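Chemist: What follows is a single structure, and I will ask about it in a moment.
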Amino acid sequence: MKNDAKRANFITFAIIAAIIVIGIGLLFFLNNANEEEGVNAVNAEELETKISEEEEVVVYFWQTGCEYCEQVKPYIEPLVEEYDAVSINLADHNVWTTYGINGTPTVIRFEDGQETGRIEGAVSEQQYETFFKNEEGEQ
């Protein structure tokens, strides 16, 4: 009888331990599943380096779950690739105040480390294209 009680306790302990391990594994998996990478994605440190070291860089600031970011995604992501711009997901990298971001999507051009242009909010494909080509002052 004593061995049966020990065996039952051991089985109960093993089941509880297995449930805990599975739960921790699921939490880890689900937490990492929320991290989304964009086109030419950078982290906060890489972005800071890129802005300070390159003559010109265009940065697309976006956020997971942003409906306006989803609306412009089909035409802004190809522009990010074509013009060798970078993107950063503000849900994963908290640089809102660093770059004065009030909402997403936001696209900022930096030249010699200084901001020289910005688009805030969803705009037309043509407006983004003009911005990426750096033609906004030439019209």
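Chemist: Scan segment 83-108 residue by residue and report those that are within 18 Å of Glu46 (Cβ to Cβ), assigned to a loop (DSSP other than H, G, I, E, B) and not acidic (Asp, Glu).
Modeler: If the condition is that a residue be within 18 Å of Glu46 (Cβ to Cβ), assigned to a loop (DSSP other than H, G, I, E, B) and not acidic (Asp, Glu), then Tyr83, Ala85, Leu90, Ala91, His93, Asn94, Val95, Trp96, Thr98, Tyr99, Ile101 are the ones that fit.
Chemist: If Tyr128 meets every condition in (1) under 21 Å from Ser52 (Cα atoms); (2) under 20 Å from the mean Cα position of the chain (by Cα); (3) not in a loop (DSSP other than H, G, I, E, B) apart from one, which number is that one?
Modeler: If we test Tyr128 against (1) under 21 Å from Ser52 (Cα atoms); (2) under 20 Å from the mean Cα position of the chain (by Cα); (3) not in a loop (DSSP other than H, G, I, E, B), just (1) comes out false.
Chemist: Give me the residue from segment 86-123 that is of a type in the set (S, T, N, Q) and under 12 Å from the mean Cα position of the chain (by Cα) and, out of that set, most open to solvent (accessible area, probe 1.4 Å).
Modeler: Going residue by residue through segment 86-123, those that are of a type in the set (S, T, N, Q) are 87, 89, 94, 97-98, 102, 104, 106, 114, 116.
Still in the list and also under 12 Å from the mean Cα position of the chain (by Cα): 87, 89, 94, 104.
Values: Ser87: 3, Asn89: 7, Asn94: 129, Thr104: 23 Å².
Top of the filtered list is Asn94.
Chemist: Looking at (1) more than 17 Å from Phe132 (Cα to Cα); (2) part of a loop (DSSP other than H, G, I, E, B), can you tell me which one Val39 breaks?
Modeler: (1)
Chemist: Only one of these conditions is not met by Val80: (1) of a type outside the set (S, T, N, Q); (2) crowded, with 16+ Cβ neighbours inside 10 Å; (3) not in a helix (DSSP H, G or I). Which number is it?
Modeler: Status for Val80: all satisfied but (3).
Chemist: Out of segment 42-77, which residues are more than 13 Å from Val95 (Cβ to Cβ) and surrounded by 15 or more Cβ atoms within 10 Å (Cβ to Cβ)?
Modeler: If the condition is that a residue be more than 13 Å from Val95 (Cβ to Cβ) and surrounded by 15 or more Cβ atoms within 10 Å (Cβ to Cβ), then Val57, Val58, Thr64, Cys66, Tyr68, Cys69, Val72, Lys73, Ile76, Glu77 are the ones that fit.
Chemist: Those residues that are among the acidic types (Asp, Glu) and without any contact (Cβ under 8 Å) to a residue 40 or more places away in the chain, I need them from segment 99-139; list them, please. Explain how you work it out, then say what you get.
Modeler: In the first step, residues of segment 99-139 are kept if they are among the acidic types (Asp, Glu); the result is 111-112, 115, 120, 125, 129, 135-136, 138.
Within segment 99-139, Glu115, Glu120, Glu135, Glu136, Glu138 meet the criteria.
Chemist: Scanning for something more than 17 Å from Asn40 (Cβ to Cβ), at pLDDT below 95 and not in a helix (DSSP H, G or I), does segment 63-77 turn up at least one residue?
Modeler: Yes; the residues of segment 63-77 include at least one that is more than 17 Å from Asn40 (Cβ to Cβ), at pLDDT below 95 and not in a helix (DSSP H, G or I).
Chemist: Looking at Val80, is it at pLDDT 95 or above, touching a strand residue (DSSP E or B) at 6+ places or on another chain (Cβ under 9 Å) and farther than 21 Å from Lys50 by Cβ?
Modeler: On the way: at pLDDT 95 or above: yes; touching a strand residue (DSSP E or B) at 6+ places or on another chain (Cβ under 9 Å): yes; farther than 21 Å from Lys50 by Cβ: no.
No; evaluated as a whole, the condition is false for this residue.
The values are calculated or read from the model by the stated rules, or taken from the named source; none is laboratory data. Please read all numbers here as calculations on a predicted model, not as lab measurements. Note that we place each Cβ from the backbone using ideal geometry, even for glycine, and neighbour counts take in every protein chain shown. We work out accessible area using only protein heavy atoms, side chains counted, and drop any ligands, DNA or RNA first. Shrake-Rupley method; radii C 1.70, N 1.55, O 1.52, S 1.80 Å.
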